[in-house]
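See below for the structure under consideration.
The values are calculated or read from the model by the stated rules, or taken from the named source; none is laboratory data. Keep in mind it's a predicted model, so treat the numbers as computed, not measured. Cβ placement follows ideal geometry from the backbone for every residue including glycine, while neighbour counts extend to all protein chains displayed. Surface accessibility is based on the protein's heavy atoms, side chains included, excluding ligands, DNA and RNA. Shrake-Rupley method; radii C 1.70, N 1.55, O 1.52, S 1.80 Å.
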Amino acid sequence: MNAALALSYGTPDSVVFGQAPSPRLKPGQVLVAVRAAAVTRGDARILMASAPAGLALLLRLTFGIFRPRQPIPGMLFCGTVETESPGLPAGTRVVGNTGTAMGAHAEYVAISPDRLVPVPDGLDDCAAASLLFGGLAAADFLIDKARVRKGTRLLINGATGEVGCAALQIARHLGAETTAVCREENHALAHKLGAFAAHDYRAGPPQGTWDVVLDIAGTLPWPLARNCVAPGGILLPVTATLSGILGALLRPHRSEGRRIFANTTTDGPDDIRRVLALYAEGALRPVFGGIFPFPQIRSAYVMAGTGHKRGSVVVRVAE
Ligand SMILES: NC(=O)c1ccc[n+]([C@@H]2O[C@H](COP(=O)([O-])OP(=O)(O)OC[C@H]3O[C@@H](n4cnc5c(N)ncnc54)[C@H](OP(=O)(O)O)[C@@H]3O)[C@@H](O)[C@H]2O)c1
C-alpha cells in the first residue's frame with residue numbers, strides 16, 4: 001500500500017511517500033481504508049522528536065528511543081470499514097484515532113473497532129479528519145477542565161492554529177468573551193471565529209486579566225501568565241514543559257484563588273462523539289490551512305511543523 005514513511009527522526013521534510021506492507025490484523029481488529037488523515041503539530045513533533053523542555057525522553061520512550069518504532073506516522077483519520085464487526089458493517093464511514101500505535105498516514109490501518117466512530121452524513125472525509133485534533137483538545141480544556149460558560153473572560157494564546165481555531169469556535173458557542181493571541185495577519189480569522197479582541201504577541205505579553213488563560217502556544221509559563229489570570233481564575237497550559245507540569249501538580253493553587261491545571265487531552269470515542277456533536281450543532285466548523293494530495297504528504301508535514309499554520313492540515317488519501 002502507499003504510505004508515509006519516517007524511518008528515522010528528522011526535520012518535517014524527511015518524511016517520505018513510499019510503499020509498505022498492508023497491516024496485519026490482530027485478533028479483534030478491523031481493517032479501515034483511510035480516505036483522509038490529519039497531519040498535526042503533534043505528528044510533526046513526533047517526527048522531529050521535539051517535545052517541550054524536559055519531555056524529549058518521554059517522547060522517545062513512547063515512540064522509539066533511536067528511531068520511530070512504527071515507521072508509518074499519523075493518528076487521526078477518516079476512512080471506510082473494510083472488514084465487518086458488530087455494529088460496524090463494511091462500508092461504514094468512520095473517524096478514528098490510532099493513538100500511540102500511529103500508522104494512519106497510509107492507505108489502510110488496522111484498529112480496534114471500539115476506537116472508531118461513524119461519521120454523520122454531510123461531513124466530508126477531509127473535514128471529518130480535520131476536526132479531531134483541535135476539537136478534542138479545545139472541548140476537553142474549555143468544557144471539562146475550565147468549565148467555560150456565558151460571560152467567562154477567556155484568553156487564548158495561540159488562537160489561529162488547529163487547537164486555537166477549534167477553541168475560538170467552542171468558546172463562542174459557550175458564550176465566552178474571548179481575546180485571541182496570534183500574529184496581526186491572523187486577527188481577521190480570529191474575529192471571524194468569535195474573538196472579541198485580538199493581540200499580536202510580537203508587541204509583548206497581553207495586558208489585562210482573564211478568568212481562563214488557555215496557553216496553546218506554550219509561551220505563557222506561570223511567571224508570565226500570573227499577571228493575566230484574574231483572582232479565582234485558572235491557567236491551562238495546553239503545551240507545558242516538564243517543570244511546568246510538575247509545578248502545576250505540586251502547587252495547583254496559587255495566590256488569590258488562582259489555579260494551574262496542566263494535563264493531556266482525553267481522546268477516546270466518547271470525546272470524538274462530542275466533537276462530532278459540536279459539528280452537528282453548528283458550533284464547530286473545519287478551518288483548513290492546507291489540503292494536500294497523499295503523495296505530497298511531505299509538504300503537509302512542513303506546514304504542520306512551522307508552528308504558525310492556520311487551522312488544520314489534511315492529506316487526501318483516497319481521491
Ligand atoms: N495537552 C495536550 O494534550 C495537547 C493536545 C493537543 C495539542 N497540544 C499542543 O498544542 C500545541 C499547539 O497545537 P496547534 O495544533 O494548535 O499548533 P499550530 O496549528 O501550529 O498553531 C500554533 C498557534 O500558536 C501561535 N503562536 C506561535 N508562536 C506564538 C507565540 N510566541 N505566542 C503566542 N502564539 C504563538 C500561532 O499563531 P501565528 O500563526 O499567528 O504565529 C498559532 O495560532 C502543540 O504544541 C501541541 O503539541 C497539546
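Quick notes on this structure:
- Residue pairs meeting the criteria (Cβ under 6 Å; at least 6 apart or on separate chains; first assigned by TED's automatic domain parsing to the domain that holds Ala167, in the range 177-197; second within 12 Å of the ligand (Cβ to nearest atom) and of a type in the set (Phe, Trp, Tyr)): Val181/Tyr201
Okay, residues lined up against (1) within 30 Å of Asn2 (Cβ to Cβ); (2) buried (at least 20 other Cβ atoms within 10 Å of the Cβ); (3) within 16 Å of the ligand (Cβ to nearest atom):
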site	(1), (2), (3)
Leu242	no, no, yes
Ile245	no, no, yes
Arg251	no, no, no
Glu256	no, no, no
Arg259	no, no, no
Ala277	no, no, no
Ala280	no, no, no
Phe292	yes, no, yes
Gln296	yes, no, no
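- Residue check, Ser130 open to solvent by 10 Å² or more (accessible area, probe 1.4 Å) and in contact (Cβ under 8 Å) with a residue 24 or more places away in the chain: no
- Taking the criterion of being within 16 Å of the ligand (Cβ to nearest atom), assigned to a helix (DSSP H, G or I), open to solvent by 30 Å² or more (accessible area, probe 1.4 Å) and of a type in the set (A, V, I, L, M), the residues of the range 52-67 that qualify are Ala56, Leu58.
- Subset of the range 13-51 (residues that are open to solvent by 80 Å² or more (accessible area, probe 1.4 Å) and free of Cβ contacts under 8 Å to residues at least 60 places away in the same chain): Gln19, Pro21, Pro27
- Long-range neighbours under 8 Å by Cβ, at least six apart or interchain, first residue farther than 23 Å from Asp121 by Cβ within the range 93-109, second among the hydroxyl-bearing types (Ser, Thr, Tyr) and part of a helix (DSSP H, G or I): Thr100/Thr62
- Pick from the range 220-239, criterion at negative phi and touching a helix residue (DSSP H, G or I) at 6+ places or on another chain (Cβ under 7 Å), ranking: farthest from the ligand (Cβ to nearest atom): Pro231
- Matching residues, the range 30-51, being over 24 Å from Leu116 (Cβ atoms) and of a type in the set (Gly, Ala, Ser): Ala44, Ala49, Ser50, Ala51
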